[in-house]
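J.: Submitted below is the structure of interest, expressed as structure tokens.
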Amino acid sequence: MNLNIVKNAKISVKLTVIFAFMLSVMLAVSNACVLHGVRHYMYTQASKRLEDINQIILKRMKLNEKSSSRLFSDIMPNENIFIKIMDKNGKLINTSGRFDYHFRISGPYGEARHVEKREKHFAYLNTKVPDRNYGILYVQIIKDMDNEYNFLKILLFFMAVADLAGIALSILLGYIISKKMLRPIDNITKTADEISINNLKERINMQGPNDELKRLANTLNNMIDRLQISFKRQTQFVSDASHELRTPIAVIQGYANLLDRWGKNDKKALDKSIEAIKSESHNMGDLVEKLLFLARSDNRSQKVEKDVFYIDKLVDEVAGETRIIDKKHIISNHSSKNIQVIADYKLVKQLIRIFIDNSIKFTPERGKIDISSVKFGEYVNISVTDTGVGIPEDEIPKIFDRFYCVDKSRSKDIGGSGLGLSIAVQIVNIYNGTISVESKVGKGTRVTASLDIIWN
């Protein structure tokens, strides 16, 4: 249950808890280091003080001042240092006032040590001194460290209070700061909730510095822009496709009704209806194939073959086929020889075919259509030039839009679905190429596809 609460908590709360935990660990480690350092320093200073006093006492003992009160004259009352001198039989020779410590004198001698026992803390130094009168004398110097440890306790208390106050303040400030820093995420979430397929106008409003969250918001806004454009195109595409399919379907239905009424007994009506149905069925099939090609291209599932061939041979082939099917125009072609390329033979042929079909549609009878292919750097430029009606300059950027030409060319004498140049764009994109259009109204048009298909 508690685990679920943690999992479902807000990011600001999680960040605050994590920050507070890390701060607590850091403070605990730093406090431990400080306390250890202070404790080590206190014992070090105590050891030095014991060694200094021991040297002074040993010098005075050599002057036969073993039992004199002057032996301990350098010891300050507030130092909590106590000394006793005993002989080898344990008899007390001299002591520095009150000596209430019963600590056995044993080795190691001449080395300051410390003891922590039953809440008592000592630093001590035992010395073994040869003596002419007593044989052996033992000097024990003890420093009571209770005051120092009381200081450590007070220091620990204030450090703990400071740490708790710091942690509490860090939790408060951390929550406020994280809440403020993560506020853009709330804005992103709120805006995303308001965005739907019917409402793509909403955008994430981000102010402040150009940090990761602002860049994320800009990325999402750009994505929404692309989605909006794509949705509009898709909607228009479906609408235009439906309209295009509706016409041949209506024609087929009309002739089917005609056959049902009169075709059984009227051979002329029968032949006319069959021919019309076949023609419209072919148009529908051609339109569906184009739609499928565009759909596969959009999904990047279009199958692309890799054929090695000479581009001039392909241009010759297309030009020859065009002369056979089109007797109303003058078809010419010229190409750089022996340019070997690697590409999908059928796709490149379809690309050239699209350019020629458009030229045929918009070029008057006896007009000229020229097909060429030349090497240009690392690219192959394929051009189709005609002496047709031309394209207004302001409409050139639109001619590659899907179904754009439909509205202006629905008459049967022109025909076409307006998808050819859209397919051409998809083919060119496969080969990282570009399409350029040069046109003058009443003079003609040149369409050039530059493809990265040179075979090295």
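Values in this text are rule-based calculations from the coordinates and carry no lab data. Computed from a predicted model, the values in this text were never measured in an experiment. As a convention, Cβ positions derive from the backbone with ideal geometry for all residues, glycine included, and neighbour counts pool all protein chains shown.
J.: Over 30 Å between Cα atoms: which of Lys62/Lys91; Lys272/Lys443; Lys272/Lys303; Lys14/Lys153; Lys201/Lys303; Lys128/Lys153 fall into that group?
T.: Checking Cα-Cα distances, Lys272/Lys443; Lys272/Lys303; Lys14/Lys153; Lys201/Lys303; Lys128/Lys153 exceed 30 Å.
J.: If the label point is 7 Å along Cα→Cβ of Glu321, which residues in region 329-349 have backbone nitrogen under 11 Å from it?
T.: 346-349
J.: First measure r as the distance between the Cβ atoms of Leu164 and Glu194, then evaluate 1/(1 + (r/R0)^6) with R0 = 45 Å and state the FRET efficiency to the nearest 0.05.
T.: Once rounded, the FRET efficiency stands at 0.55.
J.: For region 307-451, what does the equivalent ellipsoid look like in terms of its semi-axes, each the square root of 5 times an eigenvalue of the Cα gyration tensor, given largest first in whole Å?
T.: So the three semi-axes of region 307-451 are 24, 18, 14 Å.
J.: Tally Lys and Arg at +1 and Asp and Glu at -1 over the other residues with C-beta under 12 Å from the C-beta of Asn221: what net charge comes out?
T.: Result for the local shell: +3.
J.: Taking 0.36 nm per intervening residue step and subtracting the Cα-Cα distance, what contour gain separates Phe309 from Val238 on full extension?
T.: 21.8 nm
J.: Among 423-429, 47-53, what's the highest-first ranking by average C-beta atoms within 10 angstrom per residue?
T.: Highest mean packing first, the order is 423-429, 47-53.
J.: Checking the cross-link filter: which lysines have an alpha carbon closer than 17 Å to that of Lys143, excluding same-chain neighbours under 8 positions apart?
T.: Lys48, Lys84, Lys117, Lys120
J.: Highest first, please rank the peptides 432-438, 220-226 by the mean number of other Cβ atoms sitting within 10 Å of their residues.
T.: 432-438, 220-226
J.: Provide Rg and Dmax in Å for region 132-198, with only Cα atoms included in the calculation.
T.: Over region 132-198's Cα set, Rg and Dmax evaluate to 31.4, 112 Å.
J.: Also, quick follow-up: Please give the contour-minus-distance gain from Lys128 to Met26: 0.36 nm per residue of separation, less the Cα-Cα distance, rounded to one decimal in nm.
T.: 32.0 nm
J.: A follow-up question, please. By how many nm would the segment from Asp357 to Lys278 lengthen if fully extended, with 0.36 nm per residue of separation less the alpha-carbon distance?
T.: Difference between extended and current length: 26.3 nm.
J.: List the residues whose amide H sits under 5 Å from the amide H of Gly110, counting only those 5 or more places along or on another chain, with H placed 1.01 Å from N in the peptide plane.
T.: Under 5 Å from the amide H of Gly110: Asn126, Thr127, Lys128.
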